[in-house]
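**Q** Take a look at this one; I'll ask things after.
The values are calculated or read from the model by the stated rules, or taken from the named source; none is laboratory data. Since the structure is predicted, the reported quantities are computational estimates derived from the model, not experimental observations. Every residue, glycine among them, receives a Cβ derived from its backbone with ideal geometry; neighbour counts consider all protein chains shown. In case anyone asks, the SASA skips ligands and DNA or RNA and just uses the protein heavy atoms, side chains included. Shrake-Rupley method; radii C 1.70, N 1.55, O 1.52, S 1.80 Å.
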Amino acid sequence: MRRLLASSILISLSVVIAIAQAPQQPDKDSTVAGSKPGSDSAAKEQSSVTEHSIRIGGQIIPYKATAATMTLKDDKGEPTASLFYIAYTRSDLDDSGKRPVSFIYNGGPGSSSVWLHMGAFGPKRVLTTDAAATPPSPYRLTENQNCLLDATDLVFLDPIGTGFSHAVGKANDRDFWGVDQDVHSLAQAIRIYVSRNKRWNSPKFLIGESYGTFRSAALANYLQSGGDGIDLNGIVMLSTVLNLGKLSFRPGEDLPYILHLPSLAAAAWYHKAVKDRPADLSTCMEEARRFAITEYATALLKGARLGAAEKADIVKKMARLTGLSEDYISRDNLRVMPYQFEKEFLRSKGLIIGGYDARFTGASNSLVSEFAEYDPSFTGVGPAFTAAFNRYVREDLKYESDRDYIILGRQISGGWDYRRPGGGGIGFPGSPNVEADLSQAMINNPHLRVQINIGIYDLVTPFLEVEHTVDHLALPDNLRSHIQLEYYEAGHMMYSHDEDQAKLKANVAAFIESGSKP
């Protein structure tokens, strides 16, 4: 779970426009977002609206950027939270009420939306070094040619405890830190935005990364069946996990090892550290998939009944695929966790590899530790996103706040309530699982489409785990074609690779266009 924090694990000349006190807009008399929770002013809304334009695909698109807070309330109408969002809406259309609108967030739990905002789909993108650490400031922002504004309006949401979002009144941030608590608050935020901005007839999409995909499954089901009356046109998932048990390495549980093995093989292929290296990546992936779900799975399921000769054969085949030594694999009893692989794979060179993106490497400060000390694919880009966003929101979007913008609320993940009524199935409560939520959302709304985007070098949400999840969803055959899988030769944040960012934009834009047709 430690690595879901990224992502999950994520501006042109402006003119500030005064906001009138109309029902669809925040109050103009609101105070700075640094007010202490519980104070009267803390629930007042704040907004800054600026006008911009961007050139995408040869066309100039004028748009309005709204950086604002909205007040969430409990069943008694009492304010409970101030949720911060940034919306980008095209401003040259006569009937924007029919234009697609996408609600976007990252994961964690505990992450703001900065990664998808400044790395993938927003109008400005922070430039980072591909597969290597980005040098320190000054960082560069550039107009994002792969912004989604030509296809949809964009609303980036920061869950409570992240960004500038925080509890108010008698509530505490922790009241919102849980699977269903989080879903309920974001559902309310979406409903408020749709009503205030007259977007009830707009095609609606959810876009989430990492834990944001887990959130999307539960949120989609809640929006469509929980009384909100909001059917969705589509869900876009990046670096997907719907069953957290598949990422949890517990005694006696073999499935996570099986689902991660092909990603270890892909990483080894990338670094050219395997014997008899397949000629291309797809061949490597297919060979590793086949081995993982047949010989390797059978060997693990046998446990202590696995014979010495059979174990030796599996060890040899694992070593050829992963580049690890036969001795290491044997001593680990065939069960190598990705965190161990990140450390062991290039140990002889004094290097570790990235978990979010195995293309990254970094110096190790211990030659004997079992696990990687840090993740070079996160530390290599995190500061750039932090600095770029803080400058952008305050200077370009003119949003004034004395509060810190929380990029990653690390205490949130540790305090997250993963419990759900019923435990996700028959029997004892198990790992958090929203596979049934997604299935039910698709059954309730048979027009709902899902696009799943997969980074091949992602060791956090590995590609076989995603494929296994899709293959095991409880769906009728006629709805299985409503799920499409797209692959990228990058990691968890596949948009950090320029070629894949363009490919991602094209895939998502086409998905939204197709899903918005009557």
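**Q** Rounded to the nearest whole Å², what accessible area per residue is found for region 39-122 with the 1.4 Å probe?
**A** Values: 2660 Å² over 84 residues.
Accessible area per residue: 32 Å².
**Q** Right, another one. Quote the charge dipole size of region 420-517 about the Cα centre in Debye, to the nearest 20; the model charges only the Cβ of Lys and Arg (+1) and of Asp and Glu (-1).
**A** Rounded to the nearest 20 debye, it is 420 debye.
**Q** Which value, in debye to the nearest 20, describes the size of the charge dipole of region 334-377 about its Cα centre when Lys and Arg Cβ atoms bear +1, Asp and Glu Cβ atoms bear -1, and nothing else is charged? Provide the component values of the computation, followed by the final result.
**A** On the way: 5 positive and 6 negative charges, 33 e Å.
The dipole magnitude comes to about 160 debye.
**Q** Determine the dipole magnitude for the chain: charges of +1 sit on the beta-carbon of Lys and Arg, -1 on that of Asp and Glu, nothing else is charged, the reference point is the Cα centre, and the result goes in debye to the nearest 20.
**A** Working: 54 positive and 60 negative charges, 40 e Å.
In debye, rounded to 20, the chain gives about 200.
**Q** Could I ask something else about it? Share of antiparallel DSSP beta bridges in the chain, in percent to the nearest 5? The partial results should precede the final answer.
**A** Values: 37 of 64 bridges.
DSSP beta bridges in the chain are roughly 60 percent antiparallel.
**Q** If you consider only alpha-carbon coordinates, what radius of gyration and Dmax does region 432-518 have, in Å?
**A** When restricted to the Cα atoms of region 432-518, Rg and Dmax are 13.9, 39 Å.
**Q** A further question follows. Based on the Cα coordinates of region 36-150, what is the per residue volume of their convex hull in Å³? The partial results should precede the final answer.
**A** Numbers: hull volume 20.3 nm³, N = 115.
Value for region 36-150: 176 Å³ per residue.
**Q** Would you please classify the overall shape of region 224-263 from the alpha carbon gyration tensor, given that a ≥ b ≥ c denote the square roots of the eigenvalues, rounded means a/c under 1.5, and beyond that prolate means a/b larger than b/c while oblate covers the rest?
**A** oblate
**Q** Can you divide the C-alpha Rg of region 146-233 by 2.2 N^0.38 Å and report the result to two decimal places?
**A** Working: Rg = 13.5 Å, N = 88, 2.2 N^0.38 = 12.1 Å.
Normalised Cα radius of gyration, region 146-233: 1.12.
**Q** Going from most exposed to least, what order do Trp115, Trp269 have by accessible area with a 1.4 Å probe?
**A** The residues order as Trp269, Trp115, largest area first.
**Q** If you don't mind, another one. How large is the convex hull of the C-alpha atoms of region 147-299 per residue, in Å³?
**A** On the way: hull volume 30.4 nm³, N = 153.
It comes to 198 Å³ per residue, whole-number rounded.
**Q** Continuing with the same structure: Have a look at Pro159, Gln181, Leu127 and report the one farthest towards the positive end of the charge dipole of region 60-186, computed about the Cα centre with Cβ charges (Lys/Arg +1, Asp/Glu -1).
**A** Leu127
**Q** Considering the dipole of the chain built from charges on the beta carbon (Lys and Arg +1, Asp and Glu -1) around the Cα centre, which of Thr240, Gln484, Tyr405 is farthest to its positive end?
**A** Tyr405
**Q** Just from the alpha-carbon atoms, what are the Rg and Dmax of region 236-370 in angstroms?
**A** 14.7, 46
**Q** While we're here: When the scattering of region 438-489 is computed by the Debye formula from its Cα atoms alone, each counted once and equally, what is log10 I(q)/I(0) at q = 0.13, 0.21, 0.26 Å⁻¹?
**A** -0.33, -0.76, -1.00
**Q** Can you tell me the convex hull volume per residue for region 283-349, based on C-alpha atoms, in Å³ to the nearest whole number?
**A** Values: hull volume 5.9 nm³, N = 67.
Cα convex hull per residue, to the nearest whole number: 88 Å³.
**Q** Continuing with this model, one more query. Please report the net charge: other residues with Cβ closer than 10 Å to the Cβ of Lys170, K and R +1, D and E -1. Please report the intermediate quantities before stating the final value.
**A** Working: positive: none; negative: Asp74, Glu78, Asp175.
Counting the neighbours of Lys170, the net charge comes to -3.
**Q** For the chain, what does the helix formula give at 222 nm: sum of -39500 (n - 2.57) over DSSP H segments with n ≥ 4, over the residue count, nearest 500 deg cm²/dmol? Walk me through the numbers before you get to the answer.
**A** On the way: 15 runs with 154 residues, N = 518.
So the calculated ellipticity at 222 nm is -9000 deg cm²/dmol.
**Q** Same structure, new question: Can you give me the orientation-averaged projected area of the convex hull built on the Cα atoms of the chain, in nm²? Please report the intermediate quantities before stating the final value.
**A** Values: hull surface 98.2 nm².
Projected area, direction-averaged: 24.6 nm².
**Q** Report in % the part of the accessible area of region 127-263 that belongs to carbon and sulfur, leaving out ligands and nucleic acids; probe 1.4 Å.
**A** 47 percent
**Q** Further, regarding this structure: Compute the projected area of the convex hull of the Cα atoms of region 79-146, averaged over all viewing directions, and report it in nm² to one decimal place. Could you put the intermediate results ahead of the total?
**A** Working: hull surface 30.7 nm².
Spelled out: convex hull of the Cα atoms, projected over all directions, averaged, 7.7 nm².
**Q** Also, I was wondering about something else. Just the C-alpha atoms of region 79-228: what Rg/Rh do they give, with Rh taken as the Kirkwood radius? Numbers along the way, then the final one.
**A** On the way: Rg = 16.2 Å, Rh = 16.4 Å.
Dividing the radius of gyration by the Kirkwood radius yields 0.99.
**Q** For Thr66, what accessible area in Å² do you get when you roll a 1.4 Å probe over the heavy atoms of the protein chains, rounding to the nearest 10?
**A** That residue has around 20 Å² of solvent-accessible surface.
**Q** Separate question: By accessible area of protein heavy atoms, probe 1.4 Å, what ranking do His482, His492 get, highest first? It would help to have the intermediate numbers written out before the result.
**A** Details: His482 20, His492 0 Å².
Largest accessible area first, the list is His482, His492.
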